[in-house]
Structure formats: C-alpha cells, structure tokens
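**Q** Here it is, the structure in full.
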Amino acid sequence: MSTYSETSRAAVLAQTAEEGAALEARPLSLPSSFLVNGPAVFASLAWAGFGLSCLWWEDLGDWSRTHELAITAFVVAVGILATTLGGSRLGRFAAGLRARAPWLLALGLFLTLWEVATAKFAWLPLPFFPPPQAIVEVYTDDLPKLLASAFASVKLQLVGYAIGAAAGFITGVSIGWSRSVGYWVHPILRFIGPLPATAWLPIAFFCFPSSWSASTFLIALATAFPVTVLTWSGVASVSSAYYDVARTLGAKPSFLVLKVAIPAALPHVFVGLFMGLGSSFAVLVVAEMIGVKAGLGWYLQWAQGWAAYANMYAALIVMSLLCSGAITLLFRTRDRLLVWQKGVVKW
Amino acid sequence: MVALAIAERDRPGAAGASLDVKGVSHAFDIDGAVLPVLEDVSFKIAPGEFVALLGPSGCGKSTLLRLVAGLEAPRSGSLREDGDVITGPFPSRVVVFQDPTLFPWRTVWHNVALGLEAQGILKSQRHRVDAAIDLVGLSAFRNAYPHQLSGGMAQRVALARALVNDPRILVLDEPLGKLDSLTRITMQAEISALWQRSGFTTLLVTHDVEEAVFLANRVIVFSERPARIKADIAVDRPFPRHRGDPALAELRRHILGLLGLDATW
C-alpha cells in the first residue's frame with residue numbers, strides 16, 4: 001500500500017517538476033532539452049578546460065604525471081558529454097549523472113583553478129600546495145606504502161572499534177537493566193568517561209606490551225563511552241507499558257532484555273555508535289602519529305618529516321574516504337536494522 | 001473461528017476460568033503519602049461470564065485489572081483464578097490495554113506471535129498466529145509495521161495478540177476508549193461475537209455505560225476513589241443484543257443514576 005502511494009507521489013512530483021521546468025523555459029524560449037542538459041554540458045566543458053590547463057602552460061616544477069592527468073580529464077569530459085547525449089538509453093546512470101552535474105561542474109572549475117594556481121603560476125607557495133598531478137604521482141608511485149598504511153589503519157580501527165562497541169553495548173544494557181550494576185558502574189563512568197581517551201596515551205603506552213595493543217585499547221575506550229551512555233539511556237527510557245504487555249504474555253526476564261529492552265533501545269545505540277566512531281577516528285590518528293609505526297596517521301607524520309606535502313594530501317584524501325565510508329556503512333546498517341522507524345522518527 | 005476450533009482441539013476444557021476477588025485493598029505511595037485506591041473489594045465471576053466494571057474516572061478500576069493480570073500484588077486480600085491464588089502474570093490472563101502498545105519494531109505478524117514466542121512454543125504453533133490475524137480480519141496487513149496501521153487496526157492487532165494465547169480470562173482495560181465511535185461500534189460487535197463463540201471469561205473496564213450494558217452479563221459499578229462496589233447489576237438480555245432494546249436503555253438510565261449523572265438523561 002505504502003509503496004503504491006510512494007510511487008504515485010513520486011510520479012506527481014516528477015510531473016509538477018516537468019511542468020515547472022516547462023513554465024520556466026517558455027519566456028527564455030530555450031529548448032527544454034538544453035535546460036535539462038545544460039549543467040552537464042558545462043561540466044564537460046569545465047573538465048576539458050582542466051585538461052587544457054594542464055597542457056597549455058609549462059609546469060613550474062618537475063612532475064611526471066601531467067600528461068596522464070590531462071588525458072584523464074579529457075576522458076572524463078567526453079564521458080560526461082556522451083552520457084548526457086545518450087541519456088535516454090543509459091537510464092539510471094545518466095539520471096544520476098544529471099543530478100550531480102552541478103557538482104561535476106564545480107569540481108572541474110576547482111581543479112582547473114588549482115592546477116593554474118599551483119603548477120602553472122605558483123600563486124600558492126609551492127612545496128606546501130602541490131598541484132593535482134603531484135598527488136596523482138603519489139598514488140601511482142607510492143601506492144604499496146600507502147595501501148599498507150591504509151590497511152594497518154583499517155585493521156587497528158576495526159579491532160578497537162569492535163571491542164569498544166561490544167563492551168559499551170554490554171555495559172550500557174547492564175546499567176540500564178540492573179540497579180546494582182548501575183550503582184557500581186555509574187560513578188566510574190562519570191569519573192572516567194568524559195576524559196578524552198588521548199589523555200591516557202602516555203599511560204597506555206607503557207602499560208601495554210605493544211603500542212598496537214595500547215592503541216587498540218584507547219580506540220576501544222573512545223568508542224565505549226558514548227555507546228555505553230546512549231545504550232543505557234535507551235534501555236532506561238523504554239516505556240514500562242512494553243514490559244507490562246510482554247509480562248502478561250508470559251515473558252521471562254531474559255525475553256524482556258533481549259526482545260523488548262534491546263530492540264526498543266537500538267535507535268539510541270546507533271547514535272552512540274555514530275558518536276563513538278567519530279571520537280575513535282581522532283584517537284586512531286593521534287595514536288598512529290605518536291606510537292604505532294604503521295597506518296595513515298604514521299604516514300602523515302612521516303610525509304611531513306620529509307616535507308613530502310603531496311604525500312600528506314594524498315593520505316588525507318584516503319583517510320577522508322575511509323572515514324566517510326565507515327560512517328556510510330554504519331548508516332546503511334542502521335537503515336536496514338531500523339527499517340521499522342521509517343515514518344516514525346527522522347534523524 | 002479457525003483459531004478457536006484449533007484451540008479447543010489442542011487444549012480440551014480450556015474455556016473460561018472463574019475469578020474470585022476477596023477483600024482486596026490496594027494503595028499507592030505518592031511522595032510519602034498513602035493514596036488508597038481500592039477498599040475491600042470482593043466479587044466472584046463464574047466461568048464464561050462477561051463482567052463490565054464501571055466507575056468514575058480515576059477510581060481504581062484499572063488498578064484492579066493490573067491485580068487480576070498479576071502485574072502487581074494487592075496490599076491485602078486475595079485474587080484467585082479457578083481457586084489458585086494469582087501471584088504473577090500468566091498468559092491465561094491476557095490484558096488488552098487502552099493503548100494498543102504494539103512493539104513498533106515488529107510487524108503485525110511478529111507482534112501477534114509475541115506471546116507464543118515468549119512461552120517458547122512459536123515454532124510448533126505458527127498456524128495459531130495466522131489464525132488469530134485472520135480472526136481480526138487483518139490478513140492483508142501481516143507484514144505491515146504498526147506505524148502503518150490506523151488506530152482501530154492497531155487495537156485489532158492487540159486483540160489478536162491476546163487471543164492467540166487462548167486466554168481463559170480476557171482482561172480488557174478500556175480497549176475501545178480511544179477509537180472513533182464508528183470503529184468502536186464495529187469492534188464491540190466483534191468482541192461480543194468472539195466471546196459468545198469461545199466462552200472465555202471476560203473482564204472489561206469501561207467508561208461507556210452503553211458499551212457495558214450492550215456487552216456484559218453483569219455490570220459492577222464502583223464508587224469514587226477509593227473504589228468500593230456500589231452496585232452489582234445483572235444484564236439479563238439474550239445475545240445477540242440490539243442497541244435499541246428498551247430494556248437496555250432503562251438499565252443505562254438506572255446505572256447513570258448510580259453514577260450521579262441522571263440529570264442529563
């Protein structure tokens with residue numbers, strides 16, 4: 001029923017959007033296809049411009065990937081144009097590209113400006129602001145080291161986060177459920193929880209057998225605090241009416257915890273997991289910069305030591321992709337698990 | 001109908017139980033002060049009877065139902081189901097609350113299955129869930145989530161969730177109180193038909209005098225808080241009943257008089 005109403009609503013929206021576009025098009029007397037495809041055409045031009053800007057002037061420095069970059073830019077430009085013109089046959093892909101055309105245009109302009117401002121005229125001081133081809137060079141020439149670093153970071157983050165999330169979840173449920181556990185754990189949580197996990201760094205590094213295990217502990221700690229607090233508040237705020245219903249239907253305490261308290265608290269738990277993810281990223285990078293001899297944080301530190309600024313930017317881009325990928329993954333998981341929330345809560 | 005036929009086959013003699021409420025008093029502690037809500041309440045209900053509890057708002061009727069359900073223990077007095085003292089909740093005494101309180105994270109099917117799942121018998125008894133959903137006419141919505149249902153549909157699911165357990169005493173705490181009047185009339189007829197077919201004992205708390213006399217064999221009228229029994233009235237009319245029955249109208253006038261509301265009649 002709901003799918004039907006959604007599709008029909010979407011159809012109505014699409015129709016009104018078309019009518020709106022038609023109304024706007026009339027006074028300008030431009031063909032409507034131009035209005036629809038305009039941004040994509042300009043995006044294609046911007047990328048072509050980026051490619052041209054790479055070739056038009058001589059590089060000020062010695063970068064080996066300028067030509068490859070230019071060719072890639074032209075390929076992107078042609079790709080955008082071809083997808084737009086062949087739109088009706090390419091279906092969803094073309095529709096997605098059309099929706100993102102303004103961003104592609106902005107990106108093309110930004111890259112052109114960046115190229116000109118660094119490699120060609122050095123408006124920005126050079127070693128600190130490397131041109132795009134210098135970063136491409138890092139990806140092509142220093143790939144094994146970068147990949148190894150990314151892999152080390154992901155491993156450390158995954159292990160620490162999993163331990164912290166599990167510990168936080170179990171602690172939160174126990175505090176929320178049992179008064180005596182709450183009595184003992186709550187003060188400890190209040191005392192230790194708000195302390196930034198990085199403050200433990202010096203202690204952790206000599207208490208643990210290796211810097212890796214110390215960092216795992218710190219990441220787990222940073223994750224566990226928000227997960228504990230939010231799981232706890234989630235369990236504590238479950239309406240007693242749910243328990244009454246379950247009890248009259250013959251539910252035992254284990255059922256009340258596993259099948260009533262935990263599912264009802266899950267939306268809160270996911271807020272905690274999200275917050276824990278953010279704070280654990282911070283700990284990860286600091287731990288890698290200070291103690292662990294691997295990972296993207298370490299790579300950043302190492303690159304800075306050698307004044308290899310292009311490597312730093314390259315590592316930053318990888319890091320940002322990994323972090324946003326992790327958050328996307330968390331949100332996907334939440335949407336799948338909390339499908340019942342659709343139309344109930346928005347956050 | 002299917003559910004009840006199956007239920008009778010599965011559990012012979014599982015029809016209504018008797019309920020014996022004897023000298024029950026109960027009170028709440030609110031900010032250190034003791035607030036008495038029930039005072040020496042005694043009545044007996046025979047197996048298969050349909051008894052409505054009427055009384056002014058906040059008089060303690062719902063508290064009495066919580067005691068019958070076993071969600072709380074009385075301060076003094078005893079409640080017995082078929083002679084056994086009620087010490088805690090048990091699925092033979094199921095409550096349908098004023099709010100449907102469906103679990104929003106479960107589909108209709110899984111909400112109805114809750115009782116069987118909690119008792120650990122869902123795997124072998126899945127057909128009972130389907131039958132209960134059919135019984136309340138929501139087969140098309142078995143995979144819907146509660147937020148997709150209307151108020152009346154949600155309350156039907158709550159009813160199915162209770163009936164799937166083959167209750168011997170069905171406890172209804174103003175289950176139709178928040179529904180619109182048309183849905184309420186339909187569901188009154190459905191509850192009445194269900195009760196006539198299956199023979200469970202029913203205890204209904206309501207504010208609606210018309211609903212009480214239309215559905216029940218007996219109407220027990222309570223006083224203001226702390227609740228004492230003011231009158232115990234037999235409704236001696238055959239089923240199926242008709243809302244326009246002058247005898248019911250006369251009874252309604254009489255009961256409204258007991259509640260001090262006859263001036264508006």
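The values are calculated or read from the model by the stated rules, or taken from the named source; none is laboratory data. All values derive from a computational prediction rather than experimental measurement. Heads up, the Cβs are rebuilt from the backbone with ideal geometry, glycines too, and the neighbour counts pull from every protein chain shown.
**Q** Just one of (1) in a helix (DSSP H, G or I); (2) farther than 19 Å from B:R225 by Cβ; (3) not basic (K, R) trips up B:S62, so point out which.
**A** Every listed condition holds for B:S62 apart from (2).
**Q** Same structure, new question: Looking at this structure, is B:D130 modelled with pLDDT of 90 or more, in contact with a Ser or Thr (Cβ under 9 Å, 6 or more places away or on another chain) and charged (D, E, K, R)?
**A** yes
**Q** May I ask you to list the residues in the stretch B:234-265 that are under 19 Å from B:L19 (Cβ atoms) and surrounded by fewer than 19 Cβ atoms within 10 Å (Cβ to Cβ)?
**A** B:A234 - this is the single residue of the stretch B:234-265 that is under 19 Å from B:L19 (Cβ atoms) and surrounded by fewer than 19 Cβ atoms within 10 Å (Cβ to Cβ).
**Q** Another question, if that's okay. Considering each of B:R218, B:R161, B:R126, B:R156 in turn, give the residue that is within 13 Å of chain A (Cβ to nearest Cβ) and among the basic types (K, R).
**A** B:R161
**Q** Of all residues in the stretch A:190-209, count the ones that are part of a loop (DSSP other than H, G, I, E, B) and either of a type in the set (D, E, K, R) or out of contact with any Ser or Thr (no Cβ under 9 Å at 6 or more places or on another chain) (or both).
**A** Residues in the stretch A:190-209 being part of a loop (DSSP other than H, G, I, E, B) and either of a type in the set (D, E, K, R) or out of contact with any Ser or Thr (no Cβ under 9 Å at 6 or more places or on another chain) (or both): 3 in total.
**Q** So, one more: Among (1) in contact (Cβ under 8 Å) with a residue 12 or more places away in the chain; (2) facing chain A (nearest Cβ under 9 Å); (3) part of a helix (DSSP H, G or I), there is one condition B:A140 misses while meeting the rest; what is its number?
**A** Condition not satisfied by B:A140: (1).
**Q** Related question: Yes or no: B:A158 among the small types (G, A, S), buried (at least 23 other Cβ atoms within 10 Å of the Cβ), touching a Pro at 6+ places or on another chain (Cβ under 8 Å) and in contact (Cβ under 8 Å) with a residue 60 or more places away in the chain?
**A** Yes: the conditions hold for B:A158.
**Q** Could you list, in sequence order, the residues of the stretch A:169-209 that are within 21 Å of A:Q157 (Cβ to Cβ), in contact with a Gly (Cβ under 9 Å, 6 or more places away or on another chain) and without any contact (Cβ under 8 Å) to a residue 60 or more places away in the chain?
**A** Of everything in the stretch A:169-209, just one residue is within 21 Å of A:Q157 (Cβ to Cβ), in contact with a Gly (Cβ under 9 Å, 6 or more places away or on another chain) and without any contact (Cβ under 8 Å) to a residue 60 or more places away in the chain, namely A:A204.
**Q** Looking only at the stretch B:172-180, decide whether some residue is surrounded by 23 or more Cβ atoms within 10 Å (Cβ to Cβ), among the hydrophobic types (A, V, I, L, M, F, W, C) and at pLDDT 90 or above.
**A** yes
**Q** Something else now. Sort out for me the helices (runs of 4 or more DSSP H) sitting completely within the stretch A:254-347 that have 3 or more residues that are surrounded by 13 or more Cβ atoms within 10 Å (Cβ to Cβ) and within 14 Å of another protein chain (Cβ to nearest Cβ).
**A** A:262-290
**Q** Let me ask something additional. Quick check on the stretch A:225-250: of everything there that is within 14 Å of chain B (Cβ to nearest Cβ) and surrounded by 23 or more Cβ atoms within 10 Å (Cβ to Cβ), which residue is farthest from A:T328 (Cα to Cα)?
**A** Ranking the qualifying residues of the stretch A:225-250, first place goes to A:T248.
**Q** Hey, another quick one. Would you confirm whether any residue within the stretch A:172-189 is assigned to a loop (DSSP other than H, G, I, E, B) and away from every other protein chain (no Cβ under 14 Å)?
**A** The answer is yes; a qualifying residue exists.
**Q** Being more than 8 Å from chain A (Cβ to nearest Cβ), touching an Asp or Glu at 6+ places or on another chain (Cβ under 6 Å), at pLDDT below 90 and under 30 Å from B:R237 (Cα atoms) is the requirement here; does B:S92 meet it?
**A** no
**Q** Turning to a different aspect of this structure: Please state which of the following conditions B:A231 fails to meet, knowing it meets all the rest: (1) out of contact with any strand residue (DSSP E or B) (no Cβ under 8 Å at 6 or more places or on another chain); (2) surrounded by fewer than 18 Cβ atoms within 10 Å (Cβ to Cβ); (3) farther than 14 Å from B:F50 by Cα.
**A** (1) is the only condition that B:A231 fails.
**Q** To continue, here is another question. I'd like to verify a number: residues in the stretch B:95-113 that are among the hydroxyl-bearing types (S, T, Y) and more than 7 Å from chain A (Cβ to nearest Cβ), how many?
**A** 1
**Q** How many residues does the stretch B:155-174 hold that are under 21 Å from A:Y242 (Cβ atoms) and either outside any helix (DSSP H, G or I) or touching a helix residue (DSSP H, G or I) at 6+ places or on another chain (Cβ under 6 Å) (or both)?
**A** 12
**Q** Now, a different point. Would you confirm whether or not the stretch B:3-20 contains a residue that is assigned to a strand (DSSP E or B) and at pLDDT 85 or above?
**A** Checking the stretch B:3-20: at least one residue is assigned to a strand (DSSP E or B) and at pLDDT 85 or above.
**Q** Now a separate question. Taking into account only those residues within the stretch B:51-89 that are away from every other protein chain (no Cβ under 14 Å) and without any contact (Cβ under 8 Å) to a residue 40 or more places away in the chain, which is surrounded by the fewest Cβ atoms within 10 Å (Cβ to Cβ)?
**A** Filtering the stretch B:51-89 for residues that are away from every other protein chain (no Cβ under 14 Å) and without any contact (Cβ under 8 Å) to a residue 40 or more places away in the chain, the one surrounded by the fewest Cβ atoms within 10 Å (Cβ to Cβ) comes out as B:V85.
**Q** Is at least one residue of the stretch B:194-203 of a type in the set (V, I, T) and within 20 Å of A:L249 (Cα to Cα)?
**A** Yes.
**Q** Have a look at B:T183, B:T206 and point out the one that is buried (at least 16 other Cβ atoms within 10 Å of the Cβ), among the β-branched types (V, I, T), within 28 Å of A:A246 (Cα to Cα) and in contact with a Pro (Cβ under 9 Å, 6 or more places away or on another chain).
**A** Selected residue: B:T206, the only one of B:T183, B:T206 that is buried (at least 16 other Cβ atoms within 10 Å of the Cβ), among the β-branched types (V, I, T), within 28 Å of A:A246 (Cα to Cα) and in contact with a Pro (Cβ under 9 Å, 6 or more places away or on another chain).
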